[in-house]
Amino acid sequence: MFGDSISIVSNYTFYSPFSKYMPPLISPYSWNIKKQILDEIKTDYFTYTGDKAEAFVLRLYGLNPKVGQRKETSASFVKQKMFESAMGKDTDWEQYVEPEIVKIIHENWDVVKKFANAPDQTYRVLGMKFPSTGFW
């Protein structure tokens with residue numbers, strides 16, 4: 001859909017317990033994640049979401065962060081529209097998803113409704129969200 005303008009790398013992955021990465025710069029695991037992130041980075045900068053805490057930590061690691069331009073059709077954007085629709089609001093989420101995928105989502109709409117009404121079970125730490133289960 002976006003051609004070569006976006007690349008997704010799997011090496012920005014944290015493993016539980018997530019607390020082992022804290023505090024940044026002191027925990028040896030935090031340095032492992034830096035090495036893991038940089039393994040496939042070919043440029044001299046790293047884009048991020050714009051969160052100030054995340055930018056601070058990325059700078060501490062010497063990653064030269066730049067705020068990335070979010071595409072309107074990000075997964076978060078579509079998920080939010082789907083959740084709003086599941087809670088009764090009229091949204092246009094289907095126009096952002098391939099027809100075959102829309103069909104599968106409609107067939108499993110009860111799952112979307114379940115998660116749309118579920119409480120957020122994440123911790124926000126230094127600009128990043130971690131699942132509450134597995135943090136400690």
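Rule-based calculations on the coordinates, nothing more; no lab input. Keep in mind that what you see is a predicted model, and the values were worked out from it rather than measured. Note: ideal-geometry Cβ built from the backbone for every residue, glycine included; neighbour counts use all protein chains shown.
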Projected label distance in nm at K52 and K114, using a 7 Å step from Cα toward the beta-carbon: 3.9
If you rank S76, S19 by fewest surrounding Cβ atoms within 10 Å, what's the result? S76, S19
So if each residue of separation counts as 0.36 nm, and I subtract the Cα-Cα distance between I26 and F14, what length gain in nm does that give? 2.7 nm
On a straight-distance basis, which lysines could pair with K103 in a cross-link, Cα separation under 24 angstrom, same-chain partners fewer than 8 positions away excluded? K71, K79, K81, K89, K113, K114
For K114, K42, K34, what's the fewest-to-most ordering of other Cβ within 10 Å of each Cβ? K42, K114, K34
